[in-house]
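Below: the structure, in structure tokens.
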Amino acid sequence: MATNTPAPPPRPGTKGEPPARVETRGNLAKPEPAGSVALNFRVPAEFKKDFKIAAATHGVTQSDLLRQAFLVWRQRHG
């Protein structure tokens, strides 16, 4: 036998009132990040090992090596 259960009582809001419409205009424009951001992708384990060794051998960070390699690639391919 099905019984109708009453709806739970409304909970008091904890977030407050939303901002007025005029306060939200233009809030999506964000400046370019000044610092570094993460670049995350998968590569084969052997490539990672070789890349890390190449960076260490030449005394540069992996980030710098990636940037230099990309610059060379972009010069060749536009």
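The values are calculated or read from the model by the stated rules, or taken from the named source; none is laboratory data. Only a predicted model underlies this, so the values are computations on that prediction, with no experimental measurement involved. Don't worry about glycine lacking a Cβ; one is built from the backbone with ideal geometry, like all the others, and counts go over all protein chains shown.
Observations on the structure shown:
- Pair list, Cβ < 7 Å and 6+ apart or interchain, from the range 54-78 residues that are under 19 Å from Gly35 (Cβ atoms) to residues that are of a type in the set (D, E, K, R) and at pLDDT 95 or above: Gln62/Lys52
- Restricting the range 1-58 to residues that are over 23 Å from Ala69 (Cα atoms), of a type in the set (Val, Ile, Thr) and assigned to a helix (DSSP H, G or I), the residue that is modelled with the highest pLDDT is Val22.
- Positions within the range 59-70 being assigned to a helix (DSSP H, G or I) and not basic (Lys, Arg), in sequence order: Gln62, Ser63, Asp64, Leu65, Leu66, Gln68, Ala69, Phe70
- Filter result for Glu32 (of a type in the set (Asp, Glu) and either under 27 Å from Gln62 (Cβ atoms) or surrounded by 10 or more Cβ atoms within 10 Å (Cβ to Cβ) (or both)): yes
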